[in-house]
Amino acid sequence: MKRDDIDSVIRSLRRVNLQGSFFGQTVAIRFGLSESDVEAIEVLLDTGAATAGRLSELMGLSSGAVTRVIDRLEQAGYVKRVPDPADRRRVVVELVPEKMTEMEATMARFGEKSASEIGRYSDAELAVINDFLTRMAAVTRDEANAMRDTPERDASGSSDFRAPVGGLSRARLAFRSGANEVLLRGASDFDDLYRAKFEGPVPQVRLRDGTVSIQYKGRFQWDWRQRRADVALNASVPWDVEIIGGSNKLQGKLALVDLRSFELTGGASQLRLMLGRPTGIVPIRLVGGASNARFERPTGVPVQLKLSGGAGGVEFDGQKLGSTAGHSVLETSGASAASDRFVIEVTGGASRISVVETRG
């Protein structure tokens, strides 16, 4: 077989994959779901009820991401969690037939047109086609796994990542495994959705359904202190930020960013957030405490500070309030009624907390 013929088949396969992706996007939009939600439904239609772990394996998503997919589908009524008939200690996810009628009709129309085309081939030809597609599915899966396990690095030992905005009207950054040093900053000097650079171990970076997820491999944290991340966020896109696993030193230069939420779970030794002007009520959550946490905002921006677990020292707009215990609430005048404000919640205590105004 000539190489040109092989390349032609590969190009045709890519076109099929691309159109399949477009079809999935269209179905997702039609039913008010995400692409991942539709993929999960397709997997369950194909395999029947499955555990969350099995879905994670088949979809190539983390356990946390699959849990969120299941939660969304369950809330929308497409799936339900039930005990596994084979082992009632386990829970499986199954489709809700009554909810699937319209979507199955959509899938059936596609299936009927596909069957019409497939009917042009003989049984022997179909056996060859089926064998080819099965082998290509295995190749695609293996290459995707290999790419996730061996991220590209440059000669200096650092690694750069970026992705286009692609029409997103809102995005989310999910940093899933913590780092020694993290710098988050807003940027208006590039057209990408984000740009990220890492020193030390290189994490897996993925963009899916508007979520940029960053996760280091492995269960063990022996390389934690070598992890350094510099992530620039496109300032023209509203962002939600979630950091799980904590950080020794986290600095957020987010004055340019339209920040819609921020959550740090796992605590931080040093945290400094430089915020812009809020749109709506913007929650800022710190779970797990901090040695030193400083929150800066433009002059005149309303803010509420809710403390749970106490603090060794609190500075609130120039007022030094000393230590606090238990649950405390501080706020600027009229903050509780302001439509645009920051709500800062610190759970787990802190040695020192500062909430201050800056010019801007």
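Computed values, structure above
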read-out: Breaking point among (1) in contact with an Asp or Glu (Cβ under 8 Å, 6 or more places away or on another chain); (2) over 23 Å from Trp239 (Cβ atoms); (3) of a type in the set (Val, Ile, Thr), for Val303; value: (2)
read-out: Selection count, the range 97-107, where residues are within 13 Å of Ala40 (Cβ to Cβ) and either open to solvent by 30 Å² or more (accessible area, probe 1.4 Å) or touching an Asp or Glu at 6+ places or on another chain (Cβ under 6 Å) (or both); value: 0
read-out: Condition check for Asp160: charged (D, E, K, R), in a strand (DSSP E or B) and either exposed (fewer than 12 other Cβ atoms within 10 Å of the Cβ) or at pLDDT 75 or above (or both); value: yes
read-out: Extreme residue, modelled with the lowest pLDDT, among residues of the range 331-352 that are touching a Lys or Arg at 6+ places or on another chain (Cβ under 8 Å) and of a type in the set (A, V, I, L, M, F, W, C); value: Val346
read-out: Every residue from the range 225-252 that is more than 18 Å from the chain's Cα centre (by Cα) and more than 14 Å from Leu173 (Cβ to Cβ); value: Arg225, Gln226, Arg227, Arg228, Ser236, Asn248, Lys249, Gln251
read-out: Selection within the range 269-284 - surrounded by fewer than 21 Cβ atoms within 10 Å (Cβ to Cβ), under 18 Å from Ser308 (Cα atoms) and at pLDDT 95 or above; value: Pro283
read-out: Condition check for Ala124: within 30 Å of Leu256 (Cα to Cα) and modelled with pLDDT of 90 or more; value: no
read-out: Pairs where the first residue, in the range 6-33, is under 13 Å from Thr106 (Cα atoms) and the second is among the small types (Gly, Ala, Ser), C-beta under 8 Å, 6+ apart; value: Ala28/Ser34
read-out: Any pair with Cβ under 9 angstrom, 6 or more apart, that starts in the range 36-59 at a residue that is closer than 17 Å to Glu98 by Cα and among the small types (Gly, Ala, Ser) and ends at one that is in a loop (DSSP other than H, G, I, E, B) and open to solvent by 30 Å² or more (accessible area, probe 1.4 Å); value: Ala49/Pro85
read-out: Answer residue from the range 254-289, given it is assigned to a strand (DSSP E or B) and charged (D, E, K, R) and is nearest to Ser351 (Cα to Cα) among those; value: Arg272
read-out: Residues of the range 290-302 satisfying the condition of being open to solvent by 50 Å² or more (accessible area, probe 1.4 Å) and not in a strand (DSSP E or B); value: Thr299, Gly300
read-out: Selection count where residues are touching a strand residue (DSSP E or B) at 6+ places or on another chain (Cβ under 7 Å) and open to solvent by 30 Å² or more (accessible area, probe 1.4 Å), scope the range 171-191; value: 5
read-out: Within the range 1-101, helices (runs of 4 or more DSSP H) holding 2 or more residues that are over 22 Å from the mean Cα position of the chain (by Cα); value: 3-31, 35-47
read-out: Inter-residue pairs, beta-carbon under 6 Å, first modelled with pLDDT of 95 or more and in the range 229-240, second of a type in the set (Asp, Glu) and open to solvent by 20 Å² or more (accessible area, probe 1.4 Å), 6+ apart; value: Pro238/Asp258
read-out: Residue within the range 318-334 that is open to solvent by less than 70 Å² (accessible area, probe 1.4 Å) and touching a helix residue (DSSP H, G or I) at 6+ places or on another chain (Cβ under 9 Å) present; value: no
read-out: Residues of the range 248-264 satisfying the condition of being buried (at least 18 other Cβ atoms within 10 Å of the Cβ) and under 17 Å from Leu307 (Cα atoms); value: Phe262, Leu264
read-out: Those residues of the range 231-247 which are open to solvent by less than 50 Å² (accessible area, probe 1.4 Å) and part of a strand (DSSP E or B), in sequence order; value: Val231, Ala232, Leu233, Asn234, Trp239, Asp240, Val241, Glu242, Ile243, Ser247
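The values are calculated or read from the model by the stated rules, or taken from the named source; none is laboratory data. Bear in mind the structure is a predicted one, so any value in this text is a computation, not a measurement. FYI the Cβ positions are ideal-geometry reconstructions off the backbone, even for glycines, and counts take in every protein chain you see. The accessibility values were calculated without ligands, DNA or RNA, using every heavy atom of the protein model including side chains. Shrake-Rupley method; radii C 1.70, N 1.55, O 1.52, S 1.80 Å.
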